[in-house]
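Notes for the one structure printed next.
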Amino acid sequence: MDKLVSPRKTAEVLQKYDIKPNKKYGQNFLIDENVLSKILQVCDLSPQDHVLEIGPGIGTLTQVLCPRAKMVTAVEVDRRLISILQETLEDCRNLQLIQGDILKMDLQELLSQVSKERKCKVISNLPYNITTPLIMKLLEVRDPIETMVFMVQREAAQRITAGPGGKDYGAVSVLVQFYSKAETVFNISPRVFIPPPEVESSLIKITIRERLLYSVRDEKLLAEVVRGSFQHRRKSILNSLSASLKMNKGKLSELIKEAGIEPSCRAESLSPAEFANLTNFLYNIIGDNNRTKI
Ligand code: SAH
């Protein structure tokens with residue numbers, strides 16, 4: 001099969017199968033060879049690598065991943081595209097195609113299928129509306145993953161990589177930092193896709209940490225504390241957390257102070273280290289076995 005990445009070839013394939021790109025599935029197909037080769041560089045594949053690709057589309061990226069990896073597993077939700085992929089990628093002997101919605105799959109099970117031998121690399125030109133839930137789901141089962149390279153909406157990249165103090169800093173920024181190192185590698189113009197999306201994109205690389213950035217005694221509680229703190233950004237950390245954890249304000253205020261944090265401050269001013277500290281102080285009261293004591 002010819003290279004799929006050119007505007008001419010992509011248009012030809014879409015026309016041949018009478019495919020109208022589906023907005024609901026965030027279908028914007030890559031048509032720029034330069035961007036494709038820059039993405040490949042960032043993926044840094046070796047012939048032993050196992051890859052999970054999410055949303056292969058007509059196979060533009062998949063076609064160049066297969067010759068550079070040991071195995072590629074590609075998950076595509078749109079049934080119309082599955083039969084196209086079987087044809088466009090018929091030369092790819094190391095490809096496993098799965099039809100399904102990645103958000104509804106058991107990722108632990110899927111990742112164990114992708115590779116039993118070594119950690120895998122997850123790669124995707126992500127449908128924009130599933131970016132955050134998917135990244136959070138992948139981080140929950142992160143052990144079998146080495147890196148994730150994703151094309152995302154520029155604003156999502158800013159939120160994922162933000163540090164404390166600004167408007168982009170939120171629950172996702174904090175949790176992503178605990179589990180990984182995330183960086184924006186480059187920005188991408190809407191013109192390199194058909195149809196062009198309404199927003200700018202960025203390529204991000206997320207490298208899973210061997211150990212959490214700061215140790216916490218209960219990861220679930222960390223997520224609850226971080227999410228609860230940012231639920232109402234304008235409220236103080238005390239008010240947000242007493243609402244989300246359903247805790248008495250007097251007692252909570254004491255605990256927050258014990259953790260070295262001013263109860264009237266807002267979540268956006270807290271560093272990941274402070275969230276870890278706060279979680280560990282709260283753990284004594286509401287962690288695992290103590291939940292009934294609230
Ligand atoms: N990788 C291709 C296509 C990107 S468009 C390229 O770069 O050209 C995004 C792709 O993700 C589409 O093929 C879309 O059908 C697929 N997709 C959208 N939601 C999905 C989901 N929940 N699970 C799996 N695939 C999904």
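The values are calculated or read from the model by the stated rules, or taken from the named source; none is laboratory data. Worth saying up front: this structure is predicted, and the values here are computed from it rather than measured. Positions of Cβ are generated from backbone atoms using ideal geometry, with glycine treated the same way; all protein chains shown enter the neighbour counts. For accessibility, only protein heavy atoms count, side chains too; no ligands or nucleic acids. Shrake-Rupley method; radii C 1.70, N 1.55, O 1.52, S 1.80 Å.
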Inspect the range 168-177 for any residue being open to solvent by 20 Å² or more (accessible area, probe 1.4 Å), over 14 Å from the mean Cα position of the chain (by Cα), within 29 Å of R233 (Cα to Cα) and of a type in the set (D, E, K, R) and give the result as yes or no. yes
Would you check if I58 is under 17 Å from the mean Cα position of the chain (by Cα), surrounded by 21 or more Cβ atoms within 10 Å (Cβ to Cβ) and at pLDDT 95 or above? no
The range 17-43 residues that are surrounded by fewer than 18 Cβ atoms within 10 Å (Cβ to Cβ), paired with ones that are part of a helix (DSSP H, G or I) and of a type in the set (G, A, S) (beta carbon under 9 Å, 6 or more apart): Y17/S83
Among (1) touching a residue at least 40 places away in the same chain (Cβ under 8 Å); (2) of a type outside the set (K, R); (3) within 16 Å of the ligand (Cβ to nearest atom); (4) not in a strand (DSSP E or B), the one test that E90 misses: (3)
For residues that are among the charged types (D, E, K, R) and touching an Asp or Glu at 6+ places or on another chain (Cβ under 9 Å), scanning just the range 141-189, find the one that is nearest to I208 (Cα to Cα). E146
Picking from Q86, Q99, Q27, which residue would you name as being among the polar types (S, T, N, Q) and within 22 Å of V141 (Cα to Cα)? Q99
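Would you please name the residue that is nearest to the ligand (Cβ to nearest atom), looking only at residues in the range 65-83 that are assigned to a helix (DSSP H, G or I) and out of contact with any Leu (no Cβ under 9 Å at 6 or more places or on another chain)? Break it down stepwise before answering.
If we filter the range 65-83 for residues that are assigned to a helix (DSSP H, G or I), which is where we start, we get 65-68, 79-83.
Right, trim to out of contact with any Leu (no Cβ under 9 Å at 6 or more places or on another chain) and you get 67, 79-81, 83.
On the way: P67: 16, R79: 10, R80: 9, L81: 6, S83: 13 Å.
Residue satisfying both the conditions and the ranking: L81.
Considering each of S37, S83 in turn, give the residue that is of a type in the set (S, T, N, Q) and at pLDDT below 95.
Details: S37 fails: at pLDDT below 95.
Residue meeting the stated conditions: S83.
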